[in-house]
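Beneath this line is the structure, given in structure tokens, with notes to follow.
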Amino acid sequence: MTVAIQALCLISLLFAAWVIVGNWYGVIHACVTKRSFSSLPILGGLLGALAFLAFETLRPFWWVPLVADIGCVPVLALTLLYLTTRRLRG
């Protein structure tokens, strides 16, 4: 892998980490202050997963950013659960 691609993947990974931390901060802050919060859905997890795939040592853990980002798999799963239970209740 060339140095330029590695640098781009590292920048992507850092940006993904920033988004993931920001999403978690927003959720925690919203819980503490009892205010609403809108996360950046999917962005942090997807960028992190793509960056993990680019590095040989991180490749087996490509799924970790998707699960770690509250705006990705956890929120989508909770939304699906909510919509399903709402539909079943009528």
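Read-outs throughout are calculated quantities, based only on the coordinates presented, and are distinct from any laboratory measurement. Keep in mind it's a predicted model, so treat the numbers as computed, not measured. Here Cβ is always computed from backbone atoms with ideal geometry, including for glycine, and neighbour counts include all displayed protein chains.
Within the set of pairs 6+ apart or on separate chains, which have a first residue in segment 1-13 that is of a type in the set (S, T, N, Q), a second that is assigned to a helix (DSSP H, G or I), and C-beta atoms under 6 Å apart? As it stands, the answer is 12/47; 12/51, since those pairs meet every condition given.
Consider segment 8-42 and keep the residues that are among the aliphatic types (A, V, I, L, M) and surrounded by 15 or more Cβ atoms within 10 Å (Cβ to Cβ). The one that is farthest from residue 71 (Cα to Cα) is 13.
Among residues of segment 19-49 being more than 10 Å from the chain's Cα centre (by Cα) and of a type in the set (Phe, Trp, Tyr), the one that is farthest from residue 75 (Cα to Cα) is 25.
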